[in-house]
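S.K.: Sharing a structure, written as structure tokens. Questions coming.
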Amino acid sequence: MAIVETEKQGEVAVIRMNNPPVNALSHGLRTGLEKAFNEANADAGVKAIVLTGTGKFFSAGADITEFRAEMKEPYLPQVIDRIEASEKPVIAAVNGTALGGGLEVALGCHYRVAAKDVRQLGLPEIKLGIIPGAGGTQRLPRAIGVEKALELITTGAFIDAAKGAAAGLIDKVADGDVVAEAVAFARAQIGKPPRRIGEKKIDKAAVAAGLFEKARAAIARHPSGPLAPKCAIDAVELTLSLPTAEGTKREREIFREAAASPYARALQYAFFSERQAANLPGIGADTKLREVKTVGILGAGTMGTGITIAFLNGGYPVTIVETTQEALDKGVTRIRDTFSANAKRGRITEAQAADRFAKLTPSLNVEDFGKADLIIEAVFENMALKKEIFAKLDKIAKPGAIIATNTSTLDVDEIAAVTKRPQDVLGLHFFSPANIMRLLEIVRAKKTAGDVMATAMAIAKRIGKVGVQAGVCDGFVGNRMLAAYGGEVQAMNLEGAMPQDIDGALETWGMAMGPLAVSDLAGLDVGYRIRKERKLTGEAAQFARVPDKIVEMGRLGQKTGAGYYKYDANRKRQVDPEIEALIRAEAEALQIRQRSIPAEEIVERSLLRLANEGAKILEEGIALRASDIDTMYLNGYGFPAWRGGPMWQADHMGLKKAAERIKAYEARYGARWKIAPLIEKLAAEGGSFAALDAKKK
Ligand code: 3H9
């Protein structure tokens, strides 16, 4: 089938877009559409036009891969203006997802008939650091009202066909064949003047006073960064003063400004990186996945219950096993409470909550895992215990079952080695709270089979996680980098940057939460226990002094009302002079002269320690790509997507400069700043992590 095809059904021309996988509005598709509309408009036998897509997609919008180069004519706004200008009625038969430019095309049509099961209608450009650039900011407010449009455009949220109809975006929801119903709709419009959204006047009186001021005040820490949300609000506001043609022209200029920003490039890099992470070398689309219908989870603590909820949300029946009735009951109650809270907040319906909870089987008998296709061990971090469990699971699990450990630190090879089927064993490292955090580190042990990795990747997608492969080493990818960064944070503490200085600098830069505030949230006792087991020496022991003392003061973080900060009843953090005094005293004992560290240095040292460790991880083959590392940091560590990730940041500083800065810190601080040979090599060659990744494709 050609990229655009026209089929005549009597007096109605049905134009179909066919550009798999998502009907992105590439140059080819735009050219095809322009031609098809010109022909249909010129054909005296055609009295009305229906525009539709193929498969599950009407169109997912502009082809994002084309943003990297200069756009070629016909531009999308031109194509849409021509569609809207048509003298013959044009009806969009929205057969599936219509996003961004795809929805803008539908808004250029005179009417929209949508299939009942369409769930993704929206203008998500903001998530790519841009704004709708083909009239969306001008036509959507005219279609559904300024306030609702502003909300959809600044959040990038999707609505379904029913909500679209209620808002006035969709004229008819089709119960049956959407194209047939759109053709019937078109026939009824023949001879009537077209109804163009672009000609509609905005009812200014219906716009709440102060709407735009309020919107501007609400975007201070927007996930798309500082520019696109502001641009989006400015563009929508134009509808109050300009007619569509002029508003669209201005929208285009604002679109270009946002598109040229580093934030847009970072967000688009994040979009493609996330999808690239699912591609595992040597594992193609032809790899047969293992069938996973039922899941067993061992351990009903915080991790076990979080993981259970994630699988129940993904539609899997789960058997959860604990050793005591009390622990099991506690876990089951937590799961039930989470579903009811989600239902109360309107995130799921009561029926969905009941249905998901009904798929849970609590048990005290590990033998019940005999029927499970996937078993995940989520007990506490202790190698001897995990080995004992895996030896037992080896006897219980059916042949071909996948057996996973949720360890965040332990050697998965060593765990796999106690079984007679190491090829079926891998790490599935969820992040707490496991039902919410998107990252899933999929740890490939030496003997893990390819089909087990591919199956884990597919399962990650089904349960709404971003799966990224990691190899076996202490802390895998994410936590190993975090350890380096955490060490630097402690060093800066001792050097004179107080917790509020460090968290403040990094939060102003864009991190969701500074590292010390995160530690307080997670609980300081976890790290304390790990440090005590490891019997640290040298610099690591120095860096442990402040956090260890804080724990020994009984300050375990938010849960005890105090950690690096004090917390009030609403868990709002406050600077604590007692902690400042403790840090000063420790620095004095270590004979470290304190100074005030500028915010730029705090940010630079944090980022470069992350990237330097990331480069070592990449060179060792523990991570497959630099973009995989960034995907982990964006989805598991609160790194702002509009900043791309630590590896992206090093690339954009320029690896030559990054190498110089790392060496300068090495000269000042010694071995912990030893430069990663990969950075040194790439810097010397004028290379980048991005170029290195591209070679691997
Ligand atoms: C825009 O429209 C600007 C206009 O206002 C103005 C212009 C002037 N382009 O996610 P998936 C690829 S901006 C190119 O795995 P799903 C994707 O990379 C755009 N490629 O599937 C992947 O490739 P691969 C506004 C795209 O079913 C494959 O398609 N639109 C695009 O889980 C499958 O994707 C958006 O922001 C694209 N637009 O989810 C929508 N979209 O297989 C962005 C996808 O090689 N897209 N690809 O890895 C999405 O949100 C999801 O892809 C979607 C499907 C929900 C559509």
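The values are calculated or read from the model by the stated rules, or taken from the named source; none is laboratory data. In this text, all values refer to a predicted model and were calculated from it rather than measured experimentally. Every residue, glycine as well, gets a Cβ built from its backbone with ideal geometry; the counts of neighbours run over all protein chains shown. Heavy atoms of the whole protein, side chains included, go into the accessibility calculation; ligands, DNA and RNA do not. Shrake-Rupley method; radii C 1.70, N 1.55, O 1.52, S 1.80 Å.
S.K.: Open to solvent by less than 10 Å² (accessible area, probe 1.4 Å) and among the small types (Gly, Ala, Ser), is that true of Gly400?
M.R.: Considered against the rule, which asks whether it is open to solvent by less than 10 Å² (accessible area, probe 1.4 Å) and among the small types (Gly, Ala, Ser), Gly400 comes out as no.
S.K.: Which of the residues spanning region 123-145 are of a type in the set (D, E, K, R) and more than 7 Å from the ligand (Cβ to nearest atom)?
M.R.: Arg139, Arg142, listed by residue number.
S.K.: Also, I was wondering about something else. May I ask you to list the residues in region 80-100 that are near the ligand (Cβ under 10 Å from one of its atoms) and either within 25 Å of Ala42 (Cα to Cα) or not assigned by TED's automatic domain parsing to the domain that holds Ser26 (or both)?
M.R.: The one that is near the ligand (Cβ under 10 Å from one of its atoms) and either within 25 Å of Ala42 (Cα to Cα) or not assigned by TED's automatic domain parsing to the domain that holds Ser26 (or both): Ile80.
S.K.: In region 5-24, what residues are under 33 Å from the mean Cα position of the chain (by Cα), among the hydrophobic types (A, V, I, L, M, F, W, C) and assigned to a strand (DSSP E or B)?
M.R.: Met17
S.K.: Taking helices (runs of 4 or more DSSP H) that fall entirely within region 25-116, which contain at least 1 residues that are open to solvent by 10 Å² or more (accessible area, probe 1.4 Å) and farther than 30 Å from Ser273 by Cα?
M.R.: Result: 27-42, 76-85.
S.K.: Is it fair to say Arg119 is open to solvent by 10 Å² or more (accessible area, probe 1.4 Å), over 23 Å from Pro262 (Cα atoms) and within 15 Å of the ligand (Cβ to nearest atom)?
M.R.: yes
Quick grid of which residues meet (1) among the basic types (Lys, Arg); (2) assigned to a loop (DSSP other than H, G, I, E, B); (3) within 31 Å of the chain's Cα centre (by Cα); (4) over 26 Å from Ser86 (Cβ atoms):
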| position | (1), (2), (3), (4) |
| --- | --- |
| Pro193 | no, yes, no, no |
| Lys201 | yes, yes, no, no |
| Phe212 | no, no, yes, yes |
| Arg216 | yes, no, yes, yes |
| Ala232 | no, no, yes, yes |
| Ala235 | no, no, yes, no |
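S.K.: Another one. Select, from Ala69, Ala44, Ala36, the only residue that is touching a residue at least 24 places away in the same chain (Cβ under 8 Å) and among the hydrophobic types (A, V, I, L, M, F, W, C).
M.R.: Ala36
S.K.: Follow-up. Those residues that are small (Gly, Ala, Ser), outside any helix (DSSP H, G or I) and open to solvent by less than 30 Å² (accessible area, probe 1.4 Å), I need them from region 478-519; list them, please.
M.R.: Listed by number, the residues that qualify are Gly496, Ala497, Gly510, Gly514.
S.K.: Additional query: Ile622 versus (1) open to solvent by less than 30 Å² (accessible area, probe 1.4 Å); (2) free of Cβ contacts under 8 Å to residues at least 60 places away in the same chain; (3) out of contact with any Ser or Thr (no Cβ under 7 Å at 6 or more places or on another chain): which is the lone unmet condition?
M.R.: It fails just one condition, (2).
S.K.: Residue under question is Gly314, and the condition is that it be out of contact with any Ser or Thr (no Cβ under 8 Å at 6 or more places or on another chain), surrounded by 13 or more Cβ atoms within 10 Å (Cβ to Cβ) and not polar (S, T, N, Q); does it hold?
M.R.: Taking the combined requirement at face value, the residue satisfies it.
S.K.: Across region 260-311, which residue is nearest to the ligand (Cβ to nearest atom) among those that are among the aliphatic types (A, V, I, L, M) and open to solvent by 50 Å² or more (accessible area, probe 1.4 Å)?
M.R.: Restricting to residues being among the aliphatic types (A, V, I, L, M) and open to solvent by 50 Å² or more (accessible area, probe 1.4 Å), the top hit is Ala278.
S.K.: Does Ala650 qualify as being part of a helix (DSSP H, G or I) and without any contact (Cβ under 8 Å) to a residue 60 or more places away in the chain?
M.R.: So Ala650 fits the description; yes.
S.K.: Can you tell me which of Val379, Val366 is aliphatic (A, V, I, L, M) and at pLDDT below 95?
M.R.: Val379
S.K.: From Gly614, Gly638, Gly644, Gly654, grab the single residue that is open to solvent by less than 40 Å² (accessible area, probe 1.4 Å), within 29 Å of Leu227 (Cβ to Cβ) and at pLDDT below 95.
M.R.: Among Gly614, Gly638, Gly644, Gly654, only Gly638 is open to solvent by less than 40 Å² (accessible area, probe 1.4 Å), within 29 Å of Leu227 (Cβ to Cβ) and at pLDDT below 95.
S.K.: While we're on this one: Suppose we filter region 14-24 for residues that are open to solvent by less than 40 Å² (accessible area, probe 1.4 Å) and more than 16 Å from the ligand (Cβ to nearest atom); how many remain?
M.R.: The number of residues fulfilling the criteria is 2.
S.K.: Checking Ile170 against (1) over 19 Å from Pro77 (Cβ atoms); (2) more than 34 Å from the chain's Cα centre (by Cα), which test does it fail?
M.R.: Single failed check for Ile170: (2).
S.K.: Hey, among Ala541, Ala569, which residue is assigned by TED's automatic domain parsing to the domain that holds Gly504 and not in a loop (DSSP other than H, G, I, E, B)?
M.R.: Ala541
S.K.: Quick check: anything in region 61-76 within 21 Å of Phe185 (Cβ to Cβ) and in contact with a strand residue (DSSP E or B) (Cβ under 8 Å, 6 or more places away or on another chain)?
M.R.: The answer is no, given that none of the residues of region 61-76 is within 21 Å of Phe185 (Cβ to Cβ) and in contact with a strand residue (DSSP E or B) (Cβ under 8 Å, 6 or more places away or on another chain).
S.K.: With the requirement that a residue be under 24 Å from Ala157 (Cβ atoms), over 23 Å from the mean Cα position of the chain (by Cα) and open to solvent by 60 Å² or more (accessible area, probe 1.4 Å), what does region 323-355 give you?
M.R.: Lys344, Thr349, Glu350, Ala351, Gln352
S.K.: What do you reckon, is Arg275 assigned by TED's automatic domain parsing to the domain that holds Thr448, free of Cβ contacts under 8 Å to residues at least 40 places away in the same chain, out of contact with any Pro (no Cβ under 7 Å at 6 or more places or on another chain) and under 30 Å from Ile233 (Cβ atoms)?
M.R.: no
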